Each structure stands twice: as structure tokens, then as C-alpha cells.
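The next block holds one structure in the form of C-alpha cells; read it before the comments.
The values are calculated or read from the model by the stated rules, or taken from the named source; none is laboratory data. None of these values were measured; they are calculated from a predicted model. When we count neighbours, we look across all protein chains shown, and the Cβ atoms used for this are built from the backbone with ideal geometry, even at glycine.
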Amino acid sequence: MNSSHLFSVVAIFNFCIACSPGFSTYDVQQNSNELSEAQRPQDLPVNFKVCVSPPQRGSSRTDVNRLTGRELKNSLEDILGGKILSEVRISLDAIPDDTAFTDLKDFGTEHTGELVNQILQLAFSLSEIVIDRPEYRAQIVGACAQDLTKMDSPCWDSFLKSFGQRAYRRPLTVDEIQTLKSSMTSDNSESLKTTIARILSSPYFLYHIEDGVRDTATASRIRLSDYEVAARISFGATQSPPDAELFKAAESGQLRSLDGVKLQATRLLCSPRGRSKIFEFFRYWLSMNNFDDPDISTAKNLGVDPVTLKAQAREEMQAFFQYIICETDGTVADLMKSKKVFPKTNNLSLIYGTPLWDGKSSPPEATHHSGILGRAGFLISGSDTTNIIRRGVTIRKRILCLPQPSPDFQIVDSRVQAFEDISPILYSNRQRVASLTGAPTCIGCHASINPTGYVLENFGPLGEWRTTEKVYDAKDPKKILAFHQIDTRVDDLKLERSIANSAQGFDDFVQSISESTSLRECLARYNFEITQLRAPVESDSCGLVETLSVLKSTGSIKDAFIQAIANEDIFWRKSQ
Amino acid sequence: MINQAHSRRMFLRGLGGFALPIPFLSSLVSRSAAAASSASLIRYVQLTSQNGVNPEDFFPSFGADVKISESAAYRLLTSTGTQDISRNLGRPFTALKSKINIIKGLDIQLPGSGDLFHSRTTMSTASSQDRSYEGEKGFPYSIDMVLGASNSFNPVPSLMPEGALRLGVGSSDQSPSIYGRQRPEYYLDPSALLNSLNRIGSGTNVTDPKLIARNNRAVTTIDLVMEDYKRIANSRKLASQERTNLENFIELSHTTQKRIQLMSLNRTAGKCGGVEIHSGNSTLTYQTYFDLITMAFACGASKIASVVVEPKDPEFRFSNAQHGQVHAMVARWRASRDWVYARQADLITSLDRLTDSDGRSLLYNSVVLSCPNMAKPSHGLDNMPVLMAGNAGGSLKTGYYLDLKGRYNDVLITVFKALGVPPSEYEKYGSGKGFGAYVDSGSRNTTLPVIV
């Protein structure tokens, strides 16, 4: 491994910094929106296992967030149809989905100048396409607009009501229809283009605006309208506006009860867009954007194509998540322990040691590769050795939400050469990492990070199962310079009090953390964050407790995701 | 002392972005006419190169025959007929004599010495060095960045993420642009720049009547959209972050609207779109750069361009690190400077050939300032080789060779004045009157004689 490669691998993760080992306390941030600096408590830790302040449930939502790029694209597709959108594919693709981030702070809640320009230009283009092409005009405006010179007032009213409702995700008020009509001129073509562009640029289309029902307002919160509840359900489950069935449910008052909400959330969760949303959750939770590309020579040694492997491994993970959540209504334990694998290519078939999967029939079962931690995508290292530190940090920080400070990059830098100096011929990767991180400035964190990575050492740098570690000659990749026996036994995991500190190896470790409370809390928290694009605050605690309760009782992830949407909080927002 | 209290917002504005909303909004809503009138046509181009020139190769061989004071004389360049101005300003400039000015005798004055004297890339754009400016030694604001942040000159910041067209330098160390401690990116790849321009809608032909109608409709629509946003802001009580988000959208919509209006104003230029990427040697690369600049100017995508003109071809290349070897490589050195100025002539000619929306040429409606980062390879900062072109829409006269004794800062002040930037907008970057680093006392907001 060359030094720059090593640096790039370790520098993104924690490495050599003094930290206090300890057990996780789940922090729910204090909502400081209404507090002055003087009043604000310092990072008030709240144990989210306790449901506090029920009268304020749902009162934490205050911000008018913009639609994410993905939500915007799905909305446009639902309003206009895929065929019209295909006419502006290039402009549409230029708008980022806003999903490829690993930290909440990476998501910009405000529009940038470039994005506003793109959105407005897109609205102008679409309005022209819709009106200038008779077939699209008939589809969007109605048959009454076939001859624009004869378009009458009822035709306008009908168009504004139907198009407006789909865009604003609620019926338009009489005032709003009058306002839109007030800008009409005698040129119906121009007026329609202006109106469509205006609606597609409206804050009611581009933002999650929730006016609420005025006479329900208390000092702390206001109840949402049925249509606003419908929008929360659909965006929460599918990153999309309400479909016809959800509109109908809102119209008929079915969404005033949790049962009604739950029915719709259940219907949507495993729809095609619901499945995409599920994958977005896992991509965020597992920080999949930071997963490595395989090392080329290592891949070639194993007979694997290094160019396509990462994408294939990612697709395999997506299939796994869908299988666990939507196909089998699996539990958290299944997520960690299931040996079902989904290799559609020879690359993955080789790594998992199973036959190919045809994408339809029952998936094969691997001998060793269990759950998330046994996925090739998770295990692939960007170098010719396994990345013990990255594996350990990802498990602790992302999967279990254990506190993990950022590394001191100066110390990291100083240790890179030291790693090079520890001979891979004489020492195994585990021994080298132990030696590298044994200094007093490092051991504070690495005393817990390293063992969490050691237990996965039976999986090689591409995720292949192995019982010995082979050291290849960099000049002659076919030549093996050394063999090291794999040692996965650890006795100082320091995960949580209820989990044993020792493990004999991977299976033992997986069994332990599949029972972990931290794991379930972490899953609940990241699901909250990716759905609401914010960290939870104190008044969110009841919803989190309920989600956690499902994860602890039935263990069904699907039920937990539904519970995260369909709880009392969905009916409320903060009163201004 | 350098005033470094300029915000990130100002930097972003200089770059064309808006990170933060401004207090609202009555001034922004219903404003089409005001926006149109503020959309001035004048543009600014700065051309820099590295390592200076050989003064005998750059300055005219003829003298300045009209003396106007002890420290100033001039000559009309056209009075020299078809005679070449100098070796560097050879044949391509003969046809441009009435459209350029050459200024001799201006010095950059720096406090201190030693490393401070080791010229940096912002010498000609900030009249000072950039990197070792701890304390009061340097002046870390270049004129292009200050113009980008100027409400008077640039009321409609470019939507390009980079804020302006910045081309042709490989590392930020060599960038002539600086704003405090921040330096914008420069493009090396013309394709990437074209993609960026296309993303903001400048690759299309605005002479198309349908597009003109669309732009007019877009301006109207954005008026209506802004009214819708205002209605929401007035109809319900918004939390501060909610208000911030909505106001941010309005401000950015307003910027888009003004940019569309600017494009409409410039539509008779008829040069939007159609740029082809040429590659193969540095001359072709720069030709593409210049095509992109003229297109972006014509389409209102940017009012500011900054180009570092240096060849990469082996027969001309003269790297920054080689400036101590001029004596050993003098033939290549001189040929390399000839190449640099031939390319500058290419750009000036391109701007001159294009008709702007007011019937004048783009060059007439521009100010081009050319000056390398040092006077000569020895790091000398006395007698900076200044070339200017363009009339700033009538504010600047051209066709003169000026032989002066004075400060280089006067060139920058002249540019600000020609571009309509009041002292209040550039003096806030320094410690007092004027712009850039000064060592002497006395009047600072002085402009060049004759041409203003």
C-alpha cells in the first residue's frame, strides 16, 4: 500500500485522537428556536427513551423547507407525466437530487442562486412545451383548450382547480383562483404559459408550506389540514406528493385518525418510490457515499472486475434491503444476520461463494456473509489490505451511533509513515494496526475502534471470506510473500452495557449487536433525520420512543418505518 | 491597516452567489423597470501574464511628443501611421491603434522590502502582493473581485458559480484574483466553462423571436411569483428561518429576472451560442476562451472576465519558476512574450468585431486592462507595462501613448471611474482614500491624464 493511499483511507475516519471511551447516551437536541442565547441550556441531553411533553407533540416543526431535488422531480413527474418531462431531461438532470449526503449539515435548506435559476428556467420551458404542443395541452389543460381562441372561463376554472390542486397539494382557495385569473390577458396561449410557470414557481409548490387549521391553534402548536397530513405521509414514505388515493382519503376525512394515516403509509412504503426512499435511508445511515472503490490489483488477483464491482455491490445492497423490509417484513435481527445474498454478476457470486441470483427466484444463502456487515459493498477496501479502522468506525459511529470524535489530521499525517515502516511480511494487518495505534494519543479511541474492526478480519479487502491473510508482491502480484493466520477474537469491544465485551469472531459479534439497543435507537434516529432533514428535538421524543418500541417488540423494520410516519406528531406543527 | 471586515456574503456576491438574504424586500418587488435601467452594458476584462516583459520589446520605440506637465506627455498612436508600436505590440496592434492606450512610467509602490518585494500574482490587479500580507504590508483585494461585489457596476451578479469568467491559470498561487483570504477558481478547460455557461442558459441564441417572447414572459412571471411570495410572507406569521428561506428565494428570483433582462438588452449582439471548442495548441485554446468570453458578455452571463495569458506549448512556454533564467533563454523568452500579446490582440479584436445592443462594439462598451504581475523578470515593479483598450461606453478615450511619472494605483482608479464605481465602493477595502497599497502621502484618487 502506498502512503498516499493509506492516508486517503484513514484520514476520513477517526484516527489517533484522545477520546473517552464510554457508552452511548442518545442525545435529542433542545429546540432553541424560541430561546435567547442566555436562556439556552448547553446541549441539553435528553434520554429519548422517555416520552416527554405529550401536550406539545408535533410542535417541533417550524421551518418552511424547500422540496429536495428528488421531491421536486417526482412532483413534476406526477403533475405533468414522464413524457413531458423527457423533453427537458437535461435541465432536470442538472438539478441535484439532494440525497447524496452523509451529514445533515450537507443538505442546504435554502435554494442557491444556480438552483433558483434552474427551477425558474425549467418552469418557463415546461409551460411552453405544455401549451405549444396540442397533445400535451389537451392532457394538462383539458380538451376545452384544443382551440385556444375559444377557451372560455369554465375551461380556465377547471384547469386552475385541477392543475393547481396537483401542484399545491390541496384545493386552491377562491381567492387564489381569482389571483391567478387576474393576470390573464386576451392571449390565452401567453396567459396559460405564464400561469403554469407561475404555479410551478410558487412557494406552495416549491416549499413544504403548512398553514394549518387556524381555529385549532394553541400557544404551542396548530393542527394541520387533511391535505397537509396527506402531503406529510406521501413525502415521508415516497419523496413524492400525494397520489389520487391519498387525495381521496384527505377529502373524505380518513386522515384524521392514526388508523387512516397508517393505512396510507403502509400502502405507500413499499411502492416503487417508497423502495427508493428506503434505500435513501440506508445510503444515509450507512454513509454509503463514503464506501470505497476496490483496489485494482487486489480485484484482479481475485478475478474480479474492479471497474464494475462497486456499483454491483451497491445494487446488491439495495436488493437486500428491499428483501428484508418489503419482501419478508424482516426484523432488525434479520437485517444483521440474514445470509441471503443477491449476486447478479460473477463478481459478487465469486465474493459470496454462491450461485448467481436471477433477480426473481428465492435468493441464495451465503455460508459466512451475514446481514449488513457481511455485504460486499460495506466491506470493500480501497487498498490491498482490509480497512480495519474504517470498518470499526463505521460500525460504531454510523450503525450504533456511539460518540466518535473527529481525528486530528496532524497526528494522522505523522503516523502514515509509521504504518509503512511496519512490515506486512512480518506482521498481519491486525498487528500492524495495533502497533500503529498503540501510542497514548491514539489508544483512547482505538481501544474500542480497532476490536470492532478486528472481528471482520475474516473478510478480505473485497469482502471475500478468508482464513489466512495473503501478502502479495507489489511488483509481481501473482507472487505471495507471506501468509498470516486470521485472528478475530476480541475481548474489549466496549459497545454497550448489555452486550458482551468479547467475541470469538464475526458470527459471535453479529449475534451480539443484533440484540443491541443502540442499534435500534440509531436506526430510529437516522430514519427520523432522513425523513425530516433535521435532528430530533425534545418534543420529537414521543415519536422516537414509539418507533423504538416497535423495533424492540416485533422488531419489524417496516412497521417501525410506518410508525415513524403514522404517529400523533403527523397532525401538528409549531404555532407561530 | 487593511480593513478585512468584508463578509463572506460580499465574496459570494462577487462570485455571483447569494448565501444570505437581505432585509426585505419592498425594493425588490415590482421592479422590472428599475432593473432594466440598472442593467448597464459596460464590461471589464483583465489580462495578466507572468514574469513581466522586456521593456524595449513592449514600449513604443517612438517618443511621446506632446508634453502636458513635468511628469506627463502623450502621443496619438494613429500619428505613427502603419509603423509597428513595438516588437510585442506588433502587427495585430497596428489595426487597433485607435482603440488602445499604452501607458509608460507607472510604478507599483510597496512598503518594506525583501520577501515583500518578491512579486505576487495580484500586483497588477491589486497593486500589491497577496500572500504575505500579514499586518499592513499587503492589499488582498483585486479589482475584478471588487467590481464583482460593486452594486454600481455589477447590480446583477452572474449566476455562474465562479461569478465571472476566470480562465487560464493552473493553481490558486498564480491567480490574480483575491478577496480577503479567498481566491476563486480559474478554468483551465474550455469545455467545463462552456458547460457552466450552458447551465445558466447562455448557450442559446437570444435573437430567436420565440426566446425574446419567452424572456419577456419570464420577467412578467417572476414579478407575479414574487408577489405570491410576498403575499405568503404577509398573510401568516413566519418563524425567522421560514422568512429567511422565502426571502432568499425572492432575492434569487429577482437576480434571475435581472439577468434575463440583461440578456434581452444584449440580444442584438446575436452571439449567444455556437461556440466550438478548439484544442490542439495554446493558441486554439485561447481562441476558445475568447469566443466564450464574447459569448458570455453578449448574453449577459457575466460582465467580468479575467484571463491569465500564458502559453503551454513547448516552443513558447516560460514557466513562473523560470523567470530567473531569462538571460540564458532570451530568444524563447522574447518569442513567448510576442505570443502573449498576440493573443491579447486576438481578444481585443474579437470584442471589437461584435456589435452590442446599442449599436456600438463590445470593445467600445468595455474596459480591457492588461498588465503582467511584474514589470520585468527581475521582479521589478517600476515602469509597469500597461496596455488598455476599450472606451467604457464613452468614458475613456483611446488611441494614446502616455509617458508618465506616477503610481500604478492611478490605473485602477481610472478603471473604477470609467466603470462608474464611486470611491465609497472601493475605498472600503483599504484604510483610507484610493485603492491598493500606497507608501506616499498625497492625493490618492487620481486618474490617468488625457484619457479620462
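Taking the conditions (1) surrounded by fewer than 20 Cβ atoms within 10 Å (Cβ to Cβ); (2) within 14 Å of another protein chain (Cβ to nearest Cβ) in turn, A:Lys150 satisfies each one other than (2). Of (1) surrounded by fewer than 20 Cβ atoms within 10 Å (Cβ to Cβ); (2) over 18 Å from the mean Cα position of the chain (by Cα); (3) in contact (Cβ under 8 Å) with a residue 24 or more places away in the chain, B:Leu404 satisfies all except one. Which? In the conditions (1) surrounded by fewer than 20 Cβ atoms within 10 Å (Cβ to Cβ); (2) over 18 Å from the mean Cα position of the chain (by Cα); (3) in contact (Cβ under 8 Å) with a residue 24 or more places away in the chain, B:Leu404 misses (1) alone.
Each residue in the stretch A:499-535 was checked for being in contact (Cβ under 8 Å) with a residue 12 or more places away in the chain, outside any helix (DSSP H, G or I) and within 30 Å of A:Ala447 (Cβ to Cβ), and 10 pass. Please determine whether any residue of the stretch A:209-217 is more than 14 Å from every other protein chain (Cβ to nearest Cβ), over 18 Å from A:Val130 (Cβ atoms) and touching a Leu at 6+ places or on another chain (Cβ under 8 Å). No: zero hits. The residue list A:Arg223, A:Arg232 contains one member that is under 25 Å from A:Gln56 (Cβ atoms), over 27 Å from the mean Cα position of the chain (by Cα), surrounded by 17 or more Cβ atoms within 10 Å (Cβ to Cβ) and not hydrophobic (A, V, I, L, M, F, W, C), which is A:Arg223. Checked against the criterion of being among the small types (Gly, Ala, Ser) and buried (at least 23 other Cβ atoms within 10 Å of the Cβ), the candidates A:Ala500, A:Ala560, A:Ala535 yield just one match: A:Ala560. Number of residues in the stretch B:256-292 that are within 14 Å of chain A (Cβ to nearest Cβ) and modelled with pLDDT of 80 or more equals 2. The set of residues in the stretch B:406-420 being closer than 26 Å to B:Leu96 by Cβ and not polar (S, T, N, Q) consists of B:Gly406, B:Tyr408, B:Asp410, B:Val411, B:Leu412, B:Ile413, B:Val415, B:Phe416, B:Lys417, B:Ala418, B:Leu419, B:Gly420.
Checked against the criterion of being in contact (Cβ under 8 Å) with a residue 40 or more places away in the chain, under 22 Å from A:Gly505 (Cβ atoms) and among the hydrophobic types (A, V, I, L, M, F, W, C), the candidates A:Ile278, A:Ile380 yield just one match: A:Ile380. Of all residues in the stretch B:212-239, those that are more than 19 Å from A:Asn117 (Cβ to Cβ) and more than 8 Å from chain A (Cβ to nearest Cβ) have Cβ atoms under 8 Å from Cβ atoms of residues that are surrounded by 19 or more Cβ atoms within 10 Å (Cβ to Cβ) and of a type outside the set (A, V, I, L, M), 6 or more apart or on another chain, in B:Ala233/B:Glu247. If you go through the stretch A:76-95 and keep only what is buried (at least 16 other Cβ atoms within 10 Å of the Cβ) and either farther than 15 Å from A:Glu135 by Cα or touching a residue at least 60 places away in the same chain (Cβ under 8 Å) (or both), you end up with A:Leu76, A:Glu77, A:Asp78, A:Ile79, A:Leu80, A:Val88, A:Ser91, A:Leu92, A:Ala94, A:Ile95. The residue list B:Ser357, B:Ser361 contains one member that is at pLDDT below 90, surrounded by fewer than 24 Cβ atoms within 10 Å (Cβ to Cβ) and small (Gly, Ala, Ser), which is B:Ser357. Taking each residue of the stretch A:418-429 that is surrounded by fewer than 18 Cβ atoms within 10 Å (Cβ to Cβ) and looking for partners that are modelled with pLDDT of 90 or more and of a type in the set (Val, Ile, Thr) with beta-carbon atoms closer than 6 Å, six or more apart or interchain, yields A:Ile425/A:Val471. Per the conditions (1) among the charged types (D, E, K, R); (2) at pLDDT 95 or above; (3) in contact with a helix residue (DSSP H, G or I) (Cβ under 7 Å, 6 or more places away or on another chain), the sole criterion not satisfied by B:Lys137 is (2). Listed by position, the helices (runs of 4 or more DSSP H) inside the stretch A:291-366 whose residues that are at pLDDT 95 or above number at least 1 are A:309-322, A:332-337, A:346-352. Exactly one residue out of A:Arg170, A:Arg137, A:Arg166 is of a type outside the set (Gly, Ala, Ser), closer than 19 Å to A:His208 by Cβ, in a helix (DSSP H, G or I) and away from every other protein chain (no Cβ under 12 Å), and it is A:Arg166. So which of B:Lys210, B:Lys303, B:Lys312, B:Lys237 is exposed (fewer than 15 other Cβ atoms within 10 Å of the Cβ) and at pLDDT 85 or above? Only one candidate passes the filter, namely B:Lys312. Restricting the stretch B:70-110 to residues that are within 27 Å of B:Thr446 (Cβ to Cβ) and of a type in the set (Asp, Glu) leaves a set whose member that is surrounded by the most Cβ atoms within 10 Å (Cβ to Cβ) is B:Asp107.
Scan the stretch A:97-123 residue by residue and report those that are within 14 Å of chain B (Cβ to nearest Cβ) and touching a residue at least 12 places away in the same chain (Cβ under 8 Å).
Answer for the stretch A:97-123, where residues must be within 14 Å of chain B (Cβ to nearest Cβ) and touching a residue at least 12 places away in the same chain (Cβ under 8 Å): A:Phe107, A:Thr109, A:Glu110, A:His111, A:Leu115, A:Gln118, A:Ile119, A:Leu120, A:Gln121, A:Leu122, A:Ala123.
Confirm whether B:Met384 is in contact with a helix residue (DSSP H, G or I) (Cβ under 8 Å, 6 or more places away or on another chain), buried (at least 24 other Cβ atoms within 10 Å of the Cβ) and outside any loop (DSSP other than H, G, I, E, B). No. For the stretch A:199-220, taking the residues that are buried (at least 22 other Cβ atoms within 10 Å of the Cβ) and without any contact (Cβ under 8 Å) to a residue 40 or more places away in the chain, the one that is farthest from A:Phe561 (Cα to Cα) is identified as A:Ile199.
Of all the criteria given as (1) more than 26 Å from A:Leu373 (Cα to Cα); (2) surrounded by 15 or more Cβ atoms within 10 Å (Cβ to Cβ), the one not satisfied by A:Ala447 is (1).
Does the stretch A:131-144 contain any residue that is in contact with a Ser or Thr (Cβ under 9 Å, 6 or more places away or on another chain) and acidic (Asp, Glu)? Taking every residue of the stretch A:131-144 in turn, at least one turns out to be in contact with a Ser or Thr (Cβ under 9 Å, 6 or more places away or on another chain) and acidic (Asp, Glu). Listed conditions (1) in contact (Cβ under 8 Å) with a residue 60 or more places away in the chain; (2) in contact with a strand residue (DSSP E or B) (Cβ under 9 Å, 6 or more places away or on another chain); (3) crowded, with 20+ Cβ neighbours inside 10 Å are all met by A:Gly543, apart from (2). Here is a check on your reading of the model: is A:Val88 at the interface with another protein chain (Cβ under 8 Å from one of its Cβ atoms), touching a Leu at 6+ places or on another chain (Cβ under 7 Å) and among the β-branched types (Val, Ile, Thr)? When the stated conditions are applied, A:Val88 does not pass them.
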